[in-house]
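The values are calculated or read from the model by the stated rules, or taken from the named source; none is laboratory data. Values in this document were obtained by computation on a predicted structure and should not be read as measured data. Cβ coordinates were reconstructed from backbone atoms using ideal geometry, including for glycine residues, and neighbour counts include every protein chain displayed. Just so you know, the surface numbers come from the protein's heavy atoms only, side chains and all, with ligands and any DNA or RNA stripped out. Shrake-Rupley method; radii C 1.70, N 1.55, O 1.52, S 1.80 Å.
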Amino acid sequence: MTDFLLELRSEEIPARMQVKAKEDLARLFNDALAKAGLAVASVETFATPRRLALIATGLPLATDAVSEETKGPKVGAPPQAMEGFLRKAGLSQDQLIERDGVYYALVEKAGRQTADVLAEAIPAIIRAFPWPKSQRWGAASISTESLRWVRPLQGIVALLGDDVVYCEIEGIVSGAETMGHRFHHSGAITIGNAGDYVEKLRAAHVLVHFSERCRIIRDGAKAAAEAAGLNLVEDEGLVIENAGLTEWPVPMLGRFDPAFLDVPQEVIQLTARVNQKYFVCNDKAGKLANAFVCTANIDAHDNGAAIVAGNEKVLAARLSDAKFFWEQDLKVPLDSQAQKLAQITFHEKLGSVANKVERVEKLARWLVDEGIVKGATADAAERAARLCKADLVTGMVGEFPELQGIMGGYYARAQGESDAVADAIRDHYKPVGQGDDVPNAAVTVAVSLADKLDTLAQFFAAGMPPTGSKDPFALRRAAIGFLSLLLQNDLRCSLKDMLVASEAGGSFDTLEEFLIDRLKVQQREAGVRHDLIDAVFSLGGEDDLVRLLARVKALQAYITTAEGANLLAAYKRAANIFKQADGAEKTSVAPAQAGAHHVSQSETTDEIGSSLRWSDADLGSEESALRNALDAAEPKATAALSVEDFEGAMAALATLRAPIDAFFEAVMVNDPDPAKRAFRLGLLARFRVAVTQVADFSKIEG
């Protein structure tokens, strides 16, 4: 057994592609070896800006010899069939094996040298590599068939043990030499084998372990901030990105003019992060400080003074632009900005953004006037809705689209709008998908809910719902946001009324079904059992989603107890008995009532069920106990449900567990006497009706 090293060195690989590239390299390598019949103990991949590498351990030096048996024609088959098979197998008929009246060709294949397998696999892996974007280069690039790589490929290291695996692709020949750090090391490095690869490159100022570079950046940035008496604003995305930009990362602290702190902190942080890949820092009070941490790719002789100065100069220019946008935008009232929205198309079928804003205004006011959103004034909700999209035409949002809403909130506050209105403008896009913060301020909730409801209603009304995996207008995300606002703020409303107010038009039923389906998906992802959701939703006649979900959660809490499990088992048993009963009894038996009644043999089951009266003297103890338990439990469950006390309804039903168990143990339901059979089936019918007040237990698994 031996180890194998493969390094593919190129010009800079974009940071965002490196993690996926490592996964793809391992997959393609493993597939190539498996196809050749080679097993490998382990595969580890590496990525830096200038190289993609792999070390495989435990490779045999050759593949095993194998015997391949191919089934041929039957004995006595036409000569043409036999000739074709022999030609394909490359054998004569006397070399075939006959078994059970069928000919088989047995071909012995000798093992192959692993080096030969790898020599074929390496070019194939390179040509098949699935880069998101790739390029051709050099004179050969005039042909579309020329080699493609993420950036021009410069070298291949391929070592099996201590020996070079020779291969060649587009004039690039494999060898044992690679290059170290672009600035810290000159000349080629000769790699002896896979075992010394990592350390030889480390000596040349290249850290091939992505995780090691991440750790150095993470810890070094934090230490640099703390040394200056500051706290680093941690950002794992920046850690990963900087690790993909450097082979020898060195975090360094820089400063910027405190005057820039007059600009909203989100602008400063976004400028530093997006444009420059810098971390920002807070002071000990938690306020943004005039400091940043950059990550150099060099261990400078002056401890990075020149590098820091250069980065400070670049950031100052970026912040100057941001400050200019901020000051210019403040000169234009949001009401004036909002008038420009008529020039921006929301969608060609749905009019301008100004048209959308008008609809959102109307919906936001309706939500407050109807008492669905409490704690807000209709005027405040309408005002916030009118201005919520105004920042889309500002210079700052034009430069940083990620700040839409956020900048509107700043501008509104600076121009004298109330905090409730400014906050609603700032947060009305929330929640953006699953896991995002859900607003709870009343004005914000009204505007956010109206915005998402309008988006859903208009796209569905225009015949543009999501289809399959395609959702170009992010309507599934809008639905999740809409539902989260309803549920987490306990907003009580008929879904149908909301859809009518949103002018969903002919898409009403389709949109309602879509939202219910999204709710089921959302709750399943939150750990709510799908069968319990179906058990409650299938009752129908209810479109208050808050109440529906409260019932589902109460059912889930109950059904997981021993009492709930036993009650479910009793329901299933009752359902099975009804299935076994004859058609008339199964469909017509009415719930049994207390009292006495003489039953003639000529009465139909329906007549028996509707007029049956029994006294306690006519009943066995188990029948009497179940009837009395139902008499007590049914009104209690009904009363509890009327005040939305779903736990109380479950508790009332729980009292049926013991009497229904005893009933099944002692009573033969399908008695030969039709009167007794009808009465007992009637008791079970009452039991099923009582339970089904809460949920359709037939939908529950278990």
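Here are the numbers:
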| read-out | value |
| --- | --- |
| Qualifying positions in segment 408-421 - in a helix (DSSP H, G or I) and open to solvent by 20 Å² or more (accessible area, probe 1.4 Å) | Tyr410, Arg413, Ala414, Asp419, Ala420 |
| Subset of segment 156-183 (residues that are in contact (Cβ under 8 Å) with a residue 60 or more places away in the chain, open to solvent by 10 Å² or more (accessible area, probe 1.4 Å) and not aliphatic (A, V, I, L, M)) | Gly161, Arg182, Phe183 |
| From the options Leu147, Leu207, residue that is within 23 Å of Ile122 (Cα to Cα) and part of a loop (DSSP other than H, G, I, E, B) | Leu147 |
| Criterion violated by Gly405 - all others in (1) touching a residue at least 40 places away in the same chain (Cβ under 8 Å); (2) in contact with a Phe, Trp or Tyr (Cβ under 9 Å, 6 or more places away or on another chain) satisfied | (1) |
| Residue among Ala685, Ala675 that is farther than 29 Å from Ala550 by Cβ, over 39 Å from the mean Cα position of the chain (by Cα) and open to solvent by less than 60 Å² (accessible area, probe 1.4 Å) | Ala675 |
| Top-ranked residue of segment 536-548 - restricted to ones that are under 16 Å from Lys699 (Cα atoms) and part of a helix (DSSP H, G or I), ranked as most open to solvent (accessible area, probe 1.4 Å) | Phe537 |
| Pro152 vs. criteria in contact with a strand residue (DSSP E or B) (Cβ under 8 Å, 6 or more places away or on another chain), open to solvent by less than 60 Å² (accessible area, probe 1.4 Å) and on the phi < 0 side of the Ramachandran plot | yes |
| Residue selected from segment 290-304 under the condition among the aliphatic types (A, V, I, L, M) and modelled with pLDDT under 95, by the criterion least open to solvent (accessible area, probe 1.4 Å) | Ala300 |
| The one condition in (1) in contact (Cβ under 8 Å) with a residue 40 or more places away in the chain; (2) under 30 Å from Met464 (Cα atoms); (3) part of a helix (DSSP H, G or I) that Gln339 fails to fulfil | (1) |
| So Ala119, is it at pLDDT 90 or above, touching a Cys at 6+ places or on another chain (Cβ under 7 Å) and in a helix (DSSP H, G or I) | yes |
| Test: residue in segment 631-649 that is among the hydroxyl-bearing types (Ser, Thr, Tyr) and not in a helix (DSSP H, G or I) | no |
| Segment 1-53, residues that are among the β-branched types (Val, Ile, Thr) and either in contact with a strand residue (DSSP E or B) (Cβ under 6 Å, 6 or more places away or on another chain) or over 18 Å from Arg202 (Cβ atoms) (or both) | Thr2, Ile13, Val19, Val40, Val43, Thr45 |
| Top-ranked residue of segment 387-402 - restricted to ones that are surrounded by 21 or more Cβ atoms within 10 Å (Cβ to Cβ) and not β-branched (Val, Ile, Thr), ranked as farthest from Leu453 (Cα to Cα) | Met396 |
| Hey, Glu358 under 20 Å from Ser502 (Cβ atoms), open to solvent by 10 Å² or more (accessible area, probe 1.4 Å) and part of a helix (DSSP H, G or I) or not | yes |
| Residue within segment 49-64 that is at pLDDT 85 or above, over 23 Å from Gly161 (Cα atoms) and exposed (fewer than 14 other Cβ atoms within 10 Å of the Cβ) present | no |
| Filter result (within 38 Å of the chain's Cα centre (by Cα) and open to solvent by less than 40 Å² (accessible area, probe 1.4 Å)) within segment 627-652 | Ala640, Leu641, Phe646, Gly648, Ala649, Met650 |
| Selection within segment 1-38 - surrounded by fewer than 17 Cβ atoms within 10 Å (Cβ to Cβ) and among the basic types (Lys, Arg) | Arg16, Lys20, Arg27, Lys35 |
| Tally of residues being of a type in the set (Val, Ile, Thr) and open to solvent by 40 Å² or more (accessible area, probe 1.4 Å) across segment 87-102 | 1 |
| Looking only at segment 370-386, and only at residues there that are assigned to a loop (DSSP other than H, G, I, E, B) and over 22 Å from Thr455 (Cβ atoms), the one that is least open to solvent (accessible area, probe 1.4 Å) | Gly371 |
| Hey, Ala158 within 30 Å of Ala36 (Cβ to Cβ), of a type in the set (A, V, I, L, M, F, W, C) and either assigned to a loop (DSSP other than H, G, I, E, B) or modelled with pLDDT under 95 (or both) or not | no |
| In segment 128-142, residue farthest from the chain's Cα centre (by Cα) [restricted to those that are in contact (Cβ under 8 Å) with a residue 40 or more places away in the chain and surrounded by 13 or more Cβ atoms within 10 Å (Cβ to Cβ)] | Phe129 |
| Qualifying residue in segment 71-86 (condition: assigned to a loop (DSSP other than H, G, I, E, B), of a type in the set (Val, Ile, Thr), open to solvent by 30 Å² or more (accessible area, probe 1.4 Å) and touching a Gly at 6+ places or on another chain (Cβ under 9 Å)) | yes |
| Residue satisfying condition, being in a helix (DSSP H, G or I) and free of Cβ contacts under 8 Å to residues at least 24 places away in the same chain, within set Ala26, Ala21, Ala39, Ala34 | Ala34 |
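Residue-wise test of (1) farther than 30 Å from Phe210 by Cα; (2) hydrophobic (A, V, I, L, M, F, W, C).
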residue: Glu11; (1), (2): no, no
residue: Ala32; (1), (2): no, yes
residue: Ala41; (1), (2): no, yes
residue: Thr48; (1), (2): no, no
residue: Leu54; (1), (2): no, yes
residue: Ala62; (1), (2): yes, yes
residue: Glu69; (1), (2): yes, no
residue: Glu83; (1), (2): yes, no
residue: Arg87; (1), (2): yes, no
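Okay, residues lined up against (1) open to solvent by less than 40 Å² (accessible area, probe 1.4 Å); (2) over 14 Å from Ala221 (Cα atoms); (3) assigned to a helix (DSSP H, G or I); (4) not small (Gly, Ala, Ser):
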site	(1), (2), (3), (4)
Ile268	yes, yes, yes, yes
Asn275	no, yes, yes, yes
Ala309	no, yes, yes, no
Ser320	no, yes, yes, no
